[in-house]
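For reference, the structure is listed below as structure tokens.
Every read-out reported here was derived from the displayed coordinates using simple, explicitly stated rules and does not represent laboratory data. The model shown is predicted, which means the values in this text are computed figures rather than measured ones. Neighbour counts are summed over all protein chains in view; Cβ atoms, including those assigned to glycine, are modelled from backbone coordinates with ideal geometry.
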Amino acid sequence: MRRREFITLLSSVTTWPLMALAQQPPMPVIGFLRSSTLADATNLVTAFRQGLQEIGYVEGQNVATEYRFAENDRDKLTALVKDFIHRPVAVIVGNLVAALAAKAASTTVPIVFATGTDPVKDGLVTNLNRPGENITGVSFFAAAVGAKRLEQLR
């Protein structure tokens, strides 16, 4: 009898960690996509990581981030977007060109963009107040605001 009890105890102890792993929700994956090179975006990657930490997301603990750079190659960018969509990622974060590629490839994966131009003119969104579809983001109207500031100073 002791042998059977030992085998039963051993089998139940070895399945506890597996049961605990099975009950944990999957870690969301953020797809960080840029049309440029990593060298052009190192400061943006640093700021992105810092922003995630400020709102409580720690890479490797409660969120995973996959960084991809198309190195100014449109074909590579399209392939990277398709890879993110098939993974699937929880959200794709990108610059203007990457967001346009992601928007063309998917209507379901959420897309967040950051651009310095007008997203309505660029075709990202139909309206600034209600971007609609699966895309939203931040626009820094640097060119328009800079011209207005110079005009006011003069």
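For the range 45-142, GluC sites (Glu not before Pro) meeting the loop criterion (DSSP other than H, G, I, E, B) and having at most 15 other Cβ atoms within 10 Å: Glu71, Glu133.
At an R0 of 30 angstrom, the distance between the Cβ atoms of Asp73 and Gln53 translates into a FRET efficiency of 0.45.
Here the range 29-149 is assigned +1 on the Cβ of each Lys and Arg and -1 on the Cβ of each Asp and Glu. Its dipole about the Cα centre then comes out at about 280 debye.
Among the chymotrypsin sites (Phe, Trp or Tyr not before Pro) in the range 56-142, those placed in a DSSP loop whose Cβ has at most 12 other Cβ atoms within 10 Å are Phe140. Here the extension length gained between Phe140 and Leu153 equals 2.7 nm, from 0.36 nm per residue of separation less the Cα-Cα distance.
Give the calculated FRET efficiency between Glu66 and Thr107 to the nearest 0.05, with a Förster radius of 30 Å applied to their Cβ-Cβ distance.
On the way: r = 21 Å, r/R0 = 0.71.
Calculated transfer efficiency: 0.90.
A rounded overall shape is assigned to the range 29-149, the ratio a/c of its alpha-carbon gyration tensor axes (a ≥ b ≥ c) being less than 1.5.
Under 20 Å of direct C-alpha separation, and excluding same-chain neighbours fewer than eight residues apart, Lys103 reaches these lysines: Lys76, Lys82, Lys121.
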